[in-house]
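Mind having a look at this structure? Questions to follow.
Please treat every number below as a calculation from the coordinates, not as lab data. Please read all numbers here as calculations on a predicted model, not as lab measurements. Here Cβ is always computed from backbone atoms with ideal geometry, including for glycine, and neighbour counts include all displayed protein chains.
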């Protein structure tokens, strides 16, 4: 290791990141030299939780220290994001999160306990979470158009579960555009909402592919429409909202990793480099895809610009859905 003398104090010097070897400082302390916590804002079994556990395993294998997932559930991710925003910016508390904590907050809430831009250091975007509109198959509904007709004929008799902000925004957008009355039921996470959808306690929801596809494959729920402008290859026969009842509609939740504001650039780069290398490997990409996450990597600068643009996009989508900040 090179050492700088002449009385100059240097905080951190990056020499390189290799599998099993961390980031070295002048004090010869590696990063990471101890356990790192990655906070996930949603419950075990959710798309975010599943992606977080894959990333934690990647970082553990590459950097030689435990990366432990901590599920901090509540308030659509605000509790988890707030905790990381207040954490020491030393690289030992990270956040793997979604648009729920960084894109929708100003549209949904009057008071947010953190600034989604200023209070975080973007590390890497890892992918996206596609979702779809689904109903319980006991209903005589086989298309999104039939759902609208049924809801108009039965005002207030259908209920839809929301386990994340995507489900809430899309559900309210459908209600607002179509002029229908469907009762919203809040859940702490999508897995719990899907359980009630299968049981028939609610009739509709917008699950992500992680929690929804296993139920589609066993015909326990029925998909009606995907949210993106293009059809999804995993549901090729399911139309989009854009091509059916809501022309122009296109919404896709994203996933990415952050640290608290002022995370050392060397730590940010070390983490981003490991994730980038991992996401280039076909077997890792397949693990994400099979679990419901579409891989898309971007580094700190590009991710920073993306987060800022998505904040504007989702805030506009919330306003279009007729949702008032609470």
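Given R₀ = 35 Å, FRET efficiency for residue 152-residue 230 by Cβ-Cβ distance, to 0.05?
0.80
Take every DSSP beta bridge whose two residues both sit in the chain, then give the antiparallel share in percent to the nearest 5.
Of those bridges, close to 60 percent are antiparallel.
Let me ask something additional. Could you order peptides 278-286, 44-52 by the average number of other Cβ atoms within 10 Å of their residues, highest first?
Packing proxy ranking, top to bottom: 44-52, 278-286.
Which distance in Å, rounded to a whole number, links the C-alpha centroids of the range 92-164 and the range 174-193?
After rounding, the separation between the Cα centres reads 9 Å.
So if R0 is 25 Å, what FRET efficiency would residue 110 and residue 70 give, r being the distance between their Cβ atoms, rounded to the nearest 0.05?
Taking R0 as 25 Å, the efficiency between residue 110 and residue 70 is 0.35.
Hey, rough spin-label estimate for residue 291 and residue 30, points 7 angstrom out along Cα→Cβ, what's it come to in nanometres?
Using points 7 Å along Cα→Cβ, the separation is 2.4 nm.
Estimate the FRET efficiency between residue 88 and residue 309 by the formula 1/(1 + (r/R0)^6), using the beta-carbon distance for r and 41 Å for R0, to the nearest 0.05.
0.90
OK, next. Testing the spin-label approximation: label points 7 Å from Cα along Cα→Cβ at residue 301 and residue 79. State their distance in nm.
Once both label points are built, they end up 3.9 nm from each other.
Take every Cα pair under 8 Å in the range 132-288 that's 6+ residues apart, average their separations, divide by the length, and report that relative contact order as a whole percent.
Here the relative contact order equals 24 percent.
What is the gain in length, in nm to one decimal, between residue 61 and residue 237 on full extension, counting 0.36 nm per residue of separation less the C-alpha to C-alpha distance?
Gain on stretching residue 61 to residue 237: 59.5 nm.
A follow-up question, please. Please report the antiparallel percentage of DSSP beta bridges with both residues in the range 132-226, rounded to the nearest 5.
If I count the DSSP bridges inside the range 132-226, around 45 percent turn out antiparallel.
While we're on this one: Would you calculate the separation in nanometres between label points at residue 139 and residue 188, each defined as 7 Å from the Cα along the Cα-to-beta-carbon direction?
Distance between label points: 2.6 nm.
For the range 235-300 and the range 51-86, what is the separation of their C-alpha centers, rounded to whole Å?
Measuring centre to centre over Cα atoms gives 15 Å.
For the chain, what relative contact order do you get, as a whole percent, if you take Cα pairs closer than 8 Å and at least 6 residues apart?
RCO, the chain: 26 percent.
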